[in-house]
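Enquirer: Quick one: this structure, given as structure tokens, is what I'll be asking you about.
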Amino acid sequence: MSDDSNGAPRATGGRAPDVFRSGGWTAMREYALDEVVDFAIVGTGAGGGTLAARLAELGFSVVAFDAGAWFRPLDDFASDETEQNKLYWTDRRVTDGANPIQMGGKNSGKAVGGSTVHYAMVALRMRPDRFKSRTTLGYGADWPLDWRDMWAYYAKAERALSISGPLTYPWGPWRPPYPYRPHEVNAPGLLLAKGCEALGYKWTPTPLATVSAPRGKSPPCVYRGFCRFGCSTNAKQSALTVWIPRALAAGAEVRDLAMVGCIETGPSGLASGVRYHRAGEWRFQRARNVVVAGYAIETPRLLLNSASARHPDGLANSSGLVGKYLMTQANQAVWGRMEEEVRWYKGPPSLAISEHWNYEDRGKDFHGGYIWLGQGPLPIEWASIQTGSRGLWGERLRTEMMHYNHQMGLKIVGEMLPYEHNRVALAEEVDQYGLKVARITYAWGDNEKRLIAHSLAQMRMSLEAIGATDIFAQDDDTNHLAGTARMGFDRETSVVDADCRSWDIANLWICDGSVFPTTGAVNPSLTIQAIALRTADRIKAMAARGEM
Ligand SMILES: Cc1cc2nc3c(=O)[nH]c(=O)nc-3n(C[C@H](O)[C@H](O)[C@H](O)COP(=O)(O)OP(=O)(O)OC[C@H]3O[C@@H](n4cnc5c(N)ncnc54)[C@H](O)[C@@H]3O)c2cc1C
Ligand code: SF4
């Protein structure tokens, strides 16, 4: 087992990096390894970071672990697409299947704050009847959660993240106005609006987790467009800037560069703590409860890597479903060129949105739906779309890149259905810690292919309606992850219950994107955070009743 190559942990000696001050530190409580803490949380992203903050605020002792580094955006983030690769989970993984999922920055982060450090900040609520898609819409699976309950927690998450969004939202049931005013819509957003209006579809400024006015220590967004490579100003409201500071203030400890290799169980079969690698050695933290929040690939990997004589198939896996029903979301795009300058790099990439084909079911030959959003890829990403999707190299690529400031594009987030054969399992190969790596198998079904074909035709119509030329489709992209430890109604057909508690081991919880039974047609992070807020309240209630 070798050392981690990322360098030395920063959160030691009773202090942790202060993300809001250059070179700054903030006090952090520390727990001894032999102290039995109430909760050991693996992963500090949308799920783990939120839960760490709320559980600490509710009075529980919490130690959270993240395999990634603890960055100070003011010092550590450069306006450089290549430098910022350090935010992604690029450790070895094996991918296969008919449609292998692209790894790295496209789907998962490795940092304190998780994937939210480089997410695009789009903060959406799932369409209510999608929580019961099997019963009400005839496909997928039902969630054991009620949409009204989720609606209440969405509002709490939106307040905590100071979401900047429109006064009224055009789709779905009534919701309160967003806490901050919407951002001014940039040129690609206005072109999206023009295209939608030409087709008779509604559009709106996108609800975003970056502030449109000062908030606490966060300055307002300055529209520099590096959001998906880490926001160096801290306008972005991520787990790193929102939940982790709250967790520390409430007395939680967060250990950076701490890779959890296994959850141990005691003679009773209950979880007894986590074994983790930090600063060159393996250590063991005792805990009354363990929460896994490593996202849809690392969560099942850890559960499977924690197999023992008592749990030969891995933890929480009596159903055999750990790792199964992996989902990603369709992320196809249509690109075109405008006569006028667009300069799409200015501002967050998705400042305008249409959920038309998420809420409209007439005229579809597929289940589910999709949204589309304005785009603003930075130059390296744009060049790789040209090489990857169009096969352009040399002089043709150079000529194409000269049109960068005139480009316009639309991209979907589309629902992919849960299939048992899409899964995460363990490969024989091991990583730098000596742990078996994940093997990720993925194939689109016919429903996905029909959804993608529909969306590409629709986006093309929209670009044609605004006079774009040289239109081309990028038909192979996916983004976001879900599933692999689904929540459900019983232990035979799911891994956790509605409270994210595993059916098999009463003190083992899973609280991240892996609990989704279906993925819906919107970006997932607000739903993950709403579930984490709900889980914290449920844990508090259960503890009060002596059910923990
Ligand atoms: C490029 C990109 C853009 C996105 N844009 C949006 C968007 O606009 N809106 C939206 O809603 N969503 C977006 N997402 C998705 C969103 O970021 C994720 O769905 C969400 O962050 C997942 O939350 P999580 O808690 O499940 O996992 P994460 O946030 O990924 O956190 C998991 C953490 O666990 C840590 N970890 C994993 N295994 C271990 C281990 N064994 N030991 C220690 N630590 C471990 C990882 O290092 C990581 O930090 C985007 C994602 C990407 C990649
Ligand atoms: S556009 Fe706004 S949120 Fe994005 S990187 Fe710049 S300041 Fe941060």
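The values are calculated or read from the model by the stated rules, or taken from the named source; none is laboratory data. Remember, it's a predicted structure, so these values are computed and weren't measured experimentally. Neighbour counts are summed over all protein chains in view; Cβ atoms, including those assigned to glycine, are modelled from backbone coordinates with ideal geometry.
Enquirer: For segment 315-349, how many residues are of a type in the set (A, V, I, L, M), within 16 Å of ligand 1 (Cβ to nearest atom) and in contact with a Gly (Cβ under 8 Å, 6 or more places away or on another chain)? Please lay out each step first, then the result.
Expert: So in segment 315-349, the residues of a type in the set (A, V, I, L, M) come out as 315-316, 321-322, 326-327, 330, 333-334, 338, 342.
Retained after the next criterion (residues that are within 16 Å of ligand 1 (Cβ to nearest atom)): 315-316, 322, 326-327, 330, 333.
Subset that is in contact with a Gly (Cβ under 8 Å, 6 or more places away or on another chain): 322, 326-327, 330, 333.
So the count comes out to 5.
Enquirer: Still on this model: Of all residues in segment 163-179, how many are crowded, with 20+ Cβ neighbours inside 10 Å and either in contact (Cβ under 8 Å) with a residue 60 or more places away in the chain or on the phi > 0 side of the Ramachandran plot (or both)?
Expert: Selection size over segment 163-179: 1.
Enquirer: Scan segment 274-289 and tell me whether some residue there is within 14 Å of ligand 1 (Cβ to nearest atom), within 27 Å of residue 348 (Cβ to Cβ), at pLDDT 95 or above and out of contact with any Ser or Thr (no Cβ under 8 Å at 6 or more places or on another chain).
Expert: Scanning segment 274-289, I find no residue that is within 14 Å of ligand 1 (Cβ to nearest atom), within 27 Å of residue 348 (Cβ to Cβ), at pLDDT 95 or above and out of contact with any Ser or Thr (no Cβ under 8 Å at 6 or more places or on another chain), so the answer is no.
Enquirer: Still on this model: Of the numbered conditions (1) of a type outside the set (A, V, I, L, M, F, W, C); (2) in contact with a strand residue (DSSP E or B) (Cβ under 9 Å, 6 or more places away or on another chain); (3) free of Cβ contacts under 8 Å to residues at least 40 places away in the same chain, residue 295 satisfies every one except a single condition; which is it?
Expert: (3) is the only condition that residue 295 fails.
Enquirer: Is there a residue being at pLDDT below 95, within 16 Å of ligand 2 (Cβ to nearest atom) and surrounded by 17 or more Cβ atoms within 10 Å (Cβ to Cβ) anywhere in segment 60-81? Let's see the steps before the verdict.
Expert: Going residue by residue through segment 60-81, those that are at pLDDT below 95 are 78-81.
So of that shortlist, the ones also within 16 Å of ligand 2 (Cβ to nearest atom) come out as 78-81.
From what is left, the residues that are surrounded by 17 or more Cβ atoms within 10 Å (Cβ to Cβ) are 81.
Checked against the condition, which is being at pLDDT below 95, within 16 Å of ligand 2 (Cβ to nearest atom) and surrounded by 17 or more Cβ atoms within 10 Å (Cβ to Cβ), segment 60-81 yields at least one hit.
Enquirer: Consider segment 265-302. How many of its residues are buried (at least 17 other Cβ atoms within 10 Å of the Cβ) and either part of a strand (DSSP E or B) or of a type in the set (A, V, I, L, M, F, W, C) (or both)? Explain how you work it out, then say what you get.
Expert: Keep residues of segment 265-302 that are buried (at least 17 other Cβ atoms within 10 Å of the Cβ), which gives 265, 271-274, 276-278, 285-302.
In the following step, the residues that additionally are either part of a strand (DSSP E or B) or of a type in the set (A, V, I, L, M, F, W, C) (or both) were identified as 265, 271-274, 276-278, 285-293, 296-297, 302.
Here the count works out to 20.
Enquirer: Being over 10 Å from the mean Cα position of the chain (by Cα), buried (at least 24 other Cβ atoms within 10 Å of the Cβ) and within 16 Å of residue 143 (Cα to Cα) is the filter here; which residues of segment 501-513 pass it?
Expert: 501, 502, 510, 511
Enquirer: In contact with a His (Cβ under 9 Å, 6 or more places away or on another chain) and touching a residue at least 60 places away in the same chain (Cβ under 8 Å), is that true of residue 233? Give the derivation first.
Expert: Numbers: in contact with a His (Cβ under 9 Å, 6 or more places away or on another chain): no; touching a residue at least 60 places away in the same chain (Cβ under 8 Å): yes.
In short, no.
Enquirer: Could you please find all residues in segment 3-33 being modelled with pLDDT of 95 or more and among the polar types (S, T, N, Q)?
Expert: If the condition is that a residue be modelled with pLDDT of 95 or more and among the polar types (S, T, N, Q), then 12, 22, 26 are the ones that fit.
Enquirer: Within segment 358-400, track down each residue that is within 13 Å of residue 333 (Cα to Cα), among the β-branched types (Val, Ile, Thr) and either over 23 Å from the mean Cα position of the chain (by Cα) or not in a helix (DSSP H, G or I) (or both).
Expert: Result: 371, single match.
Enquirer: Give the residue, chosen from 23, 14, that is closer than 22 Å to residue 110 by Cα and surrounded by fewer than 22 Cβ atoms within 10 Å (Cβ to Cβ).
Expert: On the way: 14 fails: closer than 22 Å to residue 110 by Cα.
None of the other options fit; the residue is 23.
Enquirer: Go through segment 231-258 and give me each residue that's within 9 Å of ligand 2 (Cβ to nearest atom) and surrounded by fewer than 24 Cβ atoms within 10 Å (Cβ to Cβ).
Expert: Answer for segment 231-258, where residues must be within 9 Å of ligand 2 (Cβ to nearest atom) and surrounded by fewer than 24 Cβ atoms within 10 Å (Cβ to Cβ): 232, 233, 234.
Enquirer: Filter segment 168-197 for residues that are at pLDDT 95 or above and hydrophobic (A, V, I, L, M, F, W, C) and give the result.
Expert: Across segment 168-197, the qualifying residues are 171, 185, 187, 190, 191, 192, 193, 196.
Enquirer: Scanning for something in a strand (DSSP E or B), in contact (Cβ under 8 Å) with a residue 40 or more places away in the chain and surrounded by 14 or more Cβ atoms within 10 Å (Cβ to Cβ), does segment 337-351 turn up at least one residue? Lay out the reasoning, then the answer.
Expert: Start the filter on segment 337-351 by keeping residues that are in a strand (DSSP E or B), which leaves 337.
Applying the additional criterion that residues be in contact (Cβ under 8 Å) with a residue 40 or more places away in the chain yields 337.
Okay, now just the ones that are also surrounded by 14 or more Cβ atoms within 10 Å (Cβ to Cβ), so 337.
Checking segment 337-351: at least one residue is in a strand (DSSP E or B), in contact (Cβ under 8 Å) with a residue 40 or more places away in the chain and surrounded by 14 or more Cβ atoms within 10 Å (Cβ to Cβ).
Enquirer: Take the residues of segment 231-259 that are assigned to a loop (DSSP other than H, G, I, E, B) and small (Gly, Ala, Ser): which is farthest from ligand 1 (Cβ to nearest atom)?
Expert: To start, the set of residues in segment 231-259 that are assigned to a loop (DSSP other than H, G, I, E, B) comprises 231-235, 237-238, 250-252, 256-258.
Filter once more, so that each one left must be small (Gly, Ala, Ser): 232, 235, 238, 250-252, 258.
On the way: 232: 16, 235: 14, 238: 9, 250: 19, 251: 21, 252: 15, 258: 6 Å.
So the residue we want is 251.
Enquirer: Please verify whether residue 228 is on the phi < 0 side of the Ramachandran plot, within 12 Å of ligand 2 (Cβ to nearest atom) and not in a loop (DSSP other than H, G, I, E, B), treating the condition exactly as stated.
Expert: Values: on the phi < 0 side of the Ramachandran plot: yes; within 12 Å of ligand 2 (Cβ to nearest atom): yes; not in a loop (DSSP other than H, G, I, E, B): yes.
Answer is yes for this residue.
Enquirer: If only one of 49, 109, 97 is in contact (Cβ under 8 Å) with a residue 60 or more places away in the chain and touching a His at 6+ places or on another chain (Cβ under 6 Å), which one is it? Show your work before the answer.
Expert: On the way: 49 fails: touching a His at 6+ places or on another chain (Cβ under 6 Å); 97 fails: touching a His at 6+ places or on another chain (Cβ under 6 Å).
Answer to the check: 109.
Enquirer: Got a number for residues in segment 180-209 being surrounded by 18 or more Cβ atoms within 10 Å (Cβ to Cβ) and part of a loop (DSSP other than H, G, I, E, B)? Don't jump to the end; show me each part of the working.
Expert: Let us first name the residues in segment 180-209 that are surrounded by 18 or more Cβ atoms within 10 Å (Cβ to Cβ), namely 180, 182-183, 185-189, 191-193, 195-196, 201, 203-209.
Next, from what is left, pick out any that are part of a loop (DSSP other than H, G, I, E, B): 182-183, 185-186, 201, 203, 206-207, 209.
Counting residues in segment 180-209 that are surrounded by 18 or more Cβ atoms within 10 Å (Cβ to Cβ) and part of a loop (DSSP other than H, G, I, E, B) gives 9.
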